[in-house]
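Participant: A single structure is presented below for examination.
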Amino acid sequence: MAQRLKTDWILFITVVLMLLFGSIMVYSASSVVADTRNGSSWYYAIRQMIWIAVAVPVMMFFKRLHYRRLQTPAVAFTLTGLVLILLVVAYVLDGKQHRWIRFPLFGGLQPAEFAKPAVALFLAYFIALRSRAINSKYTLFPAILALGFIIAAIVVSDLGTPIVLVCTAGAVFGVAGLERRYFLILVGVGLLACVAAVAAKPYRLIRVVHFVDPTLKLVDKYDKAGWIRGQMAKSVTTKDPNYQIEQSKIAIGSGGLIGTGLMRGRQKLFYLPESHTDMIYAVIGEEFGLFGSVAILAGFVIILWRGMNASLNVPDDFGRYLALGLTVLMVFQAFFNMSVALDMVPPKGIPLPMISFGGSSLLVTLASLGVLMNISEHAG
């Protein structure tokens, strides 16, 4: 007789509650903007509900699918290859942003989002296969090469996703037993690549420089040739790169302890850009105050707890690395998004999983959570 598995109700209920709250907040954050720009206050909320109707069955499918059925080269390599193809297609079709593959009804897909579970699955499969030789060049070189191809395809238009992927890879390699010297080398290479990616795009340089040195005193002191100011001048973005962050801090600060109340926030009324996507955490802080902000943080802490518990107690290496990778992907992304809203890190367009508006992010997140739930069910 097959073993009857017990659902991880703590993880499941947390996901459902956050999903419901996210759909409410998408409507609250977008209703006025949607009514003005699209003629209906429900424009974004309806699209989010459509994606929820698609993504929830996907989550339940992966919740019931034994995670070891994903432990095949066909799944790991095919998914990675498919993501690379989609990234190239997006680069060609989206001549301006190089991010989207657009469709008439659903708005479009963002291939970079699908790179997240693809990388987590590939690393789990490959490192589990080579776990006894994790420090061998025959393990490190192919894994880093595959990761490098994906990051190179994404970083042209998006720096946030590569940062998330690199941190996830670092966590998996670290747990797998990567020697310290190799780990430090990879960290150094990653930092240099990040600096190069920032320097290559004027708008990225503006964001980082104004975060680290708002008055540009250090820039003028050490960059006598004026190269940094010259690069920054090439940007076509707003003259005030701190505007979005300032509006975010105003929103969160005005929320106080208990908030202004649902639908009563003011910063979303054309003051706070991307209020229903990247900056939705600021709207939560304004309308639900410190209690609402902490509640969202607590939700992701619970996901971190259940994910780490699954990773520690699942009986095989593949499940361990896959649970770890998926957990780090979601939680790091969430913490990064909240840190941006609180002006703790330079601004970067990363959605808040299950809360922000966005079909690709929602579909990928719920599919990943379905796999994580299945791993948790098999954990001892």
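Participant: As an exercise: evaluate residue 203 against (1) surrounded by 13 or more Cβ atoms within 10 Å (Cβ to Cβ); (2) touching a Ser or Thr at 6+ places or on another chain (Cβ under 9 Å); (3) at pLDDT 85 or above and give the number of the one condition it does not meet.
Facilitator: Status for residue 203: all satisfied but (3).
Participant: If you don't mind, there's one more thing I want to ask. Output the number of residues of segment 211-227 satisfying the condition of being assigned to a loop (DSSP other than H, G, I, E, B), free of Cβ contacts under 8 Å to residues at least 12 places away in the same chain and either under 25 Å from residue 341 (Cβ atoms) or more than 34 Å from the chain's Cα centre (by Cα) (or both).
Facilitator: Start the filter on segment 211-227 by keeping residues that are assigned to a loop (DSSP other than H, G, I, E, B), which leaves 213-216, 223-226.
Those still in the list that are free of Cβ contacts under 8 Å to residues at least 12 places away in the same chain too: 213, 215, 223-226.
Now drop any that are not either under 25 Å from residue 341 (Cβ atoms) or more than 34 Å from the chain's Cα centre (by Cα) (or both), which leaves 213, 215, 224-226.
Residues meeting the conditions: 5.
This table checks each residue for (1) closer than 21 Å to residue 67 by Cα; (2) touching a strand residue (DSSP E or B) at 6+ places or on another chain (Cβ under 7 Å); (3) surrounded by 15 or more Cβ atoms within 10 Å (Cβ to Cβ); (4) free of Cβ contacts under 8 Å to residues at least 40 places away in the same chain.
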| residue | (1), (2), (3), (4) |
| --- | --- |
| 102 | no, no, no, yes |
| 113 | yes, no, yes, no |
| 116 | yes, no, yes, no |
| 119 | yes, no, yes, no |
| 131 | yes, no, yes, no |
| 146 | no, no, yes, no |
| 164 | no, no, yes, no |
| 184 | no, no, no, yes |
| 190 | no, no, yes, yes |
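Participant: Out of 307, 319, 289, I need the residue that is within 20 Å of residue 16 (Cβ to Cβ), more than 13 Å from the chain's Cα centre (by Cα), outside any loop (DSSP other than H, G, I, E, B) and not polar (S, T, N, Q). Which one?
Facilitator: Working: 319 fails: within 20 Å of residue 16 (Cβ to Cβ); 289 fails: within 20 Å of residue 16 (Cβ to Cβ).
Only one candidate qualifies: 307.
Participant: Can you tell me which residue within segment 178-203, out of those that are in a helix (DSSP H, G or I) and of a type outside the set (A, V, I, L, M, F, W, C), is nearest to residue 348 (Cα to Cα)? Walk me through how you get there before you give the answer.
Facilitator: The first filter runs over segment 178-203 and keeps only residues in a helix (DSSP H, G or I), leaving 180-200, 202-203.
Checking the rest, the ones that are also of a type outside the set (A, V, I, L, M, F, W, C) come to 180-182, 188, 190, 202-203.
Details: 180: 30, 181: 30, 182: 28, 188: 21, 190: 17, 202: 14, 203: 11 Å.
Once the filter is applied, the top-ranked residue is 203.
Participant: From the residues in segment 340-354 that are surrounded by fewer than 19 Cβ atoms within 10 Å (Cβ to Cβ) and touching a residue at least 60 places away in the same chain (Cβ under 8 Å), which one is farthest from residue 252 (Cα to Cα)? First the steps, then the outcome.
Facilitator: Kept after step one, since they are surrounded by fewer than 19 Cβ atoms within 10 Å (Cβ to Cβ), are these residues of segment 340-354: 342-345, 349.
Adding the requirement that they be touching a residue at least 60 places away in the same chain (Cβ under 8 Å) leaves 342-343, 345, 349.
On the way: 342: 8, 343: 11, 345: 16, 349: 18 Å.
Among them, the one singled out is 349.
Participant: Mind checking whether some residue in segment 153-164 is assigned to a helix (DSSP H, G or I), in contact with a Ser or Thr (Cβ under 9 Å, 6 or more places away or on another chain), small (Gly, Ala, Ser) and modelled with pLDDT of 85 or more?
Facilitator: From segment 153-164, those assigned to a helix (DSSP H, G or I) are 153-155, 160-164; that's our starting set.
Still in the running and in contact with a Ser or Thr (Cβ under 9 Å, 6 or more places away or on another chain): 154-155.
Narrowing further to those that are small (Gly, Ala, Ser): none.
No, because not a single residue in segment 153-164 is assigned to a helix (DSSP H, G or I), in contact with a Ser or Thr (Cβ under 9 Å, 6 or more places away or on another chain), small (Gly, Ala, Ser) and modelled with pLDDT of 85 or more.
Participant: Still on this structure: Residue 298 fails exactly one of the following numbered conditions: (1) touching a helix residue (DSSP H, G or I) at 6+ places or on another chain (Cβ under 8 Å); (2) part of a helix (DSSP H, G or I); (3) over 17 Å from residue 33 (Cα atoms). What is the number of that condition?
Facilitator: Residue 298 satisfies all of (1) touching a helix residue (DSSP H, G or I) at 6+ places or on another chain (Cβ under 8 Å); (2) part of a helix (DSSP H, G or I); (3) over 17 Å from residue 33 (Cα atoms) except (1).
Participant: State the number of residues belonging to segment 233-260 that are buried (at least 19 other Cβ atoms within 10 Å of the Cβ) and modelled with pLDDT under 90.
Facilitator: Qualifying residue count, segment 233-260: 3.
Participant: Further question: Wholly within segment 1-113, which helices (runs of 4 or more DSSP H) include no fewer than the required count, namely at least 1 residues that are modelled with pLDDT under 90 and among the aromatic types (Phe, Trp, Tyr)? Quick ask: steps written out before the conclusion?
Facilitator: Values: elements: 9-38, 43-64, 73-93.
Of the helices (runs of 4 or more DSSP H) lying wholly inside segment 1-113, those with at least 1 residues that are modelled with pLDDT under 90 and among the aromatic types (Phe, Trp, Tyr) span 73-93.
Participant: Now a separate question. Take the residues in segment 292-304 that are surrounded by fewer than 20 Cβ atoms within 10 Å (Cβ to Cβ) and β-branched (Val, Ile, Thr), then tell me which one is nearest to the chain's Cα centre (by Cα).
Facilitator: 301
The values are calculated or read from the model by the stated rules, or taken from the named source; none is laboratory data. The model shown is predicted, which means the values in this text are computed figures rather than measured ones. Positions of Cβ are generated from backbone atoms using ideal geometry, with glycine treated the same way; all protein chains shown enter the neighbour counts.
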